[in-house]
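The values are calculated or read from the model by the stated rules, or taken from the named source; none is laboratory data. All values derive from a computational prediction rather than experimental measurement. With ideal geometry, Cβ positions are generated from the backbone for all residues, glycine too; neighbour counts draw on all protein chains shown. Side chains included, ligands, DNA and RNA excluded: accessible areas come from the protein's heavy atoms. Shrake-Rupley method; radii C 1.70, N 1.55, O 1.52, S 1.80 Å.
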Amino acid sequence: MTSIEPRFFNRELSWIEFNNRVLYQGLRKDLPLMERIQFLAIVTSNFDEFFQVRVASIKRLLMESPESVDSSGLTPEMVLRQISARSHQLIRLQHDCLKNDILPELRSKGIVYAKPEFFTPQQSEYAQNLFRNEIFPLLTPLRTDTEIFPTVANLSLYAAFLLKPISGIRNSNEELKGDDDKPRIAIVQVPQGISPIEWLPTENHTKVFACTEEIICEYGTQLFPGFAVEETMIFKISRDADFAVDEDAGGNFIHEMEKVLVQRKSSFVVRMTSNTSSPTICKFLMERLNLNDDDVYLVEDFVDPSILPELRSTDENGKYSFPEWQNFYPTDLPDNSFNSEPFWDILKQRDILLHVPYESYEPVLKFISDAADDPDVLTIKMTLYRTGKDSPIVKSLERAAQNGKQVVVLVELKARFDEERNIAWANELEANGVTVIYGLVDLKVHAKILMVMRREAESIVRYAHLSTGNYNHKTARLYSDLSLFTANYEIVNDATQFFNLVTGYSTLQNMKQLGMAPVTLKSKLLTMIQREIDRSDREHPGLIIAKMNSLTHEEIITALYKASQAGVKVLLNIRGICMLVPGLPGLSENIKVISIVDRYLEHSRIFYFQNGGAEEIYLSSADWMSRNLDRRVELMFPLLDRKVFKEVKEILETYFKDNVSAHYLTESGNWKRVERAEGESEIRAQEVLYKKYKHRAESVNKGPKIEFQVRRKD
């Protein structure tokens, strides 16, 4: 990263360095082979979204305000140039690793990648039959010499063919002959309903695979009778997806959202990735798609490496994958049966912390399921942001409504790339009697909260579940998140106010425990940072420890600089983007920033303030970003139960001991791996946490065996 203004790193360039840390995991020879492939695939998926959203927005800014300068001192043109240079560099590293390291390692394990030109006669015959019978009927070749260029689908693989009429053969479609000075090029979308990898027959014990798009290129001549294929190329494009629904347009909000989804299909092209086999086709597509050299990423093989995790199916015994990690049922709860007693009585006595994926997500599913079936439960309210497919949570909510309970669900339709799925969920919930609220005008509701109201002994008792992560049972196996079950009166009272505000006409009352963006959360954070400054001195310096996904809010960063200048020690664990510059004398020398990328996606947000000895810890759905604190509805909640507080403080401290998967940020913007001191033991935070929960579960399950000796009369 170069040309960086001292006080703030550029947001986009910082994100690219996060993807570099993901790439680093793929380059590590000490990691299992299939996990390395997975990390390399994630690099591609990350870049796909980055170009669709962030690069698209900068390209638009370049057209609208080319002379504007961001807080890092860069114009849009300068940012795009640096994005291109660094992205090209990382993608080259990714593909060099695939070609020179991963593929040879796969071959040594008996898993062989075969390009069509190296097929054996048996494999060639098999591939031709496969193409003719399974693939050919699904293909639709499209001419490109028409007045309107055919629509190329976003993130879909295509095969392109440069054609030449065969001499002496009269074509019924005379127009296709065209002008001899213009290339005759056809494009064919690779069908998305078929496997991206095809397994070929072999005479030995090896497993041989080929890519479907390469088979299409090899045998695609059958699509163009009367023409010879001179050159072929495989490509994929990324389109602008940085659209917002017009919330002032009036009419049906779902209809307006569906219009956004349609717009994405034909928005401007941001980049193209292609193999290097045809300069003629590449140049032609660049002209038609309005791309320059910086927008084109040429690779030798695997235009889309995100298909490669399909190879995990060959690892039947898990020899080339991470050792399996269980998730354990929380020991604070009685047992893991859905038929066990509900949690109501436990939560009246104490709060319960859940740490996924080390602990099972079953308690959340059980909590909602119990509420749906309990005759004393009157009302269930919750927010849904990214719920996932086949959600048991949605099924429980529908069952609750069918059981006559009041069920109110705020479904955020504006969750990017999940809009279509969320529209479907909303329609299904409404059809089953659930009251659905479609978010708020001009604000995304990103808060994760669930409330249950239950009649008990002539009064209504309220229970709440608040989380740093989404209500998604599938990502709960992959994302590290913390959540809290509580019946604390002040928290559930604040939660009631929250739902009244987001579902009706209510001004925000004074919340005693919850911080809510965009109303009070930012001011509360700034107040606590200032409080740390006020209570810090040379003998007793203040301490702020925070873990989050990204840090970009300039007002918060400025406050942290001020804290550092006052002697407050600031420890930050930032998984992704960090615009704060650490280690600058006189500005941020007391700030340390680390990042951990490992087998689980670090997703929890934890904020610790020493507060002159009266320590406080908060969990939140919000990162310290402008979008979270100023343009989204978020919640931050305190840990008031001392056992839960101690547990989370230990978790937070564990992350800063990592010397295996951690990197630290330098004042130049580079991330360097945390090195172990001589003689220091390896500490891998995620492994430490896993072993802790494993030991806890085993201790409870084993327990002391008590034998009773019966006295008998002689």
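Observations, loosely collected:
- Wholly enclosed strands (runs of 3 or more DSSP E) of segment 606-694 bearing at least 3 residues surrounded by 16 or more Cβ atoms within 10 Å (Cβ to Cβ) and of a type outside the set (S, T, Y): 606-609, 632-638, 662-665
- Qualifying residues in segment 73-91 (those that are within 26 Å of the chain's Cα centre (by Cα) and hydrophobic (A, V, I, L, M, F, W, C)) - the one surrounded by the fewest Cβ atoms within 10 Å (Cβ to Cβ): A85
- Qualifying residue in segment 368-386 (condition: buried (at least 17 other Cβ atoms within 10 Å of the Cβ), among the hydroxyl-bearing types (S, T, Y), in contact (Cβ under 8 Å) with a residue 60 or more places away in the chain and over 23 Å from N500 (Cα atoms)): no
- Selection within segment 122-166: residues that are among the β-branched types (V, I, T) and loosely packed, with under 12 Cβ neighbours inside 10 Å. The member of this set that is nearest to V269 (Cα to Cα) is T151.
- Among residues of segment 339-397 being basic (K, R) and more than 15 Å from T468 (Cβ to Cβ), the one that is modelled with the lowest pLDDT is K389.
- Within segment 530-554, no residue that is over 24 Å from S71 (Cα atoms) and free of Cβ contacts under 8 Å to residues at least 12 places away in the same chain sits with its Cβ atom under 8 Å from a residue that is of a type outside the set (S, T, Y) and open to solvent by less than 10 Å² (accessible area, probe 1.4 Å) at 6+ positions apart or across chains.
- Selection count, segment 549-570, where residues are within 15 Å of Y664 (Cα to Cα) and either touching a Phe, Trp or Tyr at 6+ places or on another chain (Cβ under 6 Å) or assigned to a helix (DSSP H, G or I) (or both): 1
- Total residues in segment 562-576, condition open to solvent by less than 10 Å² (accessible area, probe 1.4 Å) and not small (G, A, S): 5
- Positions within segment 241-276 being closer than 30 Å to H95 by Cα, open to solvent by 60 Å² or more (accessible area, probe 1.4 Å) and at pLDDT below 90, in sequence order: K265, S266, T276
- Candidate set: segment 398-438, residues that are open to solvent by 20 Å² or more (accessible area, probe 1.4 Å) and acidic (D, E); chosen: the one modelled with the lowest pLDDT: D418
- Test: I533 is over 20 Å from L639 (Cα atoms) and touching a helix residue (DSSP H, G or I) at 6+ places or on another chain (Cβ under 8 Å): yes
- Condition check for R92: farther than 30 Å from E316 by Cβ and modelled with pLDDT of 95 or more: yes
- The single condition from (1) under 30 Å from G586 (Cβ atoms); (2) in contact with a helix residue (DSSP H, G or I) (Cβ under 9 Å, 6 or more places away or on another chain) that M78 fails is (2).
- Test: residue in segment 517-528 that is in a strand (DSSP E or B) and closer than 19 Å to V445 by Cβ: yes
- Flag if Y479 is open to solvent by less than 10 Å² (accessible area, probe 1.4 Å), in contact (Cβ under 8 Å) with a residue 12 or more places away in the chain and either in contact with a His (Cβ under 6 Å, 6 or more places away or on another chain) or of a type outside the set (A, V, I, L, M, F, W, C) (or both): no
- Only listed residue being crowded, with 20+ Cβ neighbours inside 10 Å and touching a residue at least 12 places away in the same chain (Cβ under 8 Å), chosen from N470, N493: N470
- Residues located in segment 103-121, provided they are open to solvent by less than 50 Å² (accessible area, probe 1.4 Å) and either touching a Leu at 6+ places or on another chain (Cβ under 6 Å) or of a type in the set (D, E) (or both): Y113
- Looking across segment 92-102, the residues that are free of Cβ contacts under 8 Å to residues at least 40 places away in the same chain and either surrounded by 16 or more Cβ atoms within 10 Å (Cβ to Cβ) or more than 24 Å from the chain's Cα centre (by Cα) (or both) come down to D96, N100.
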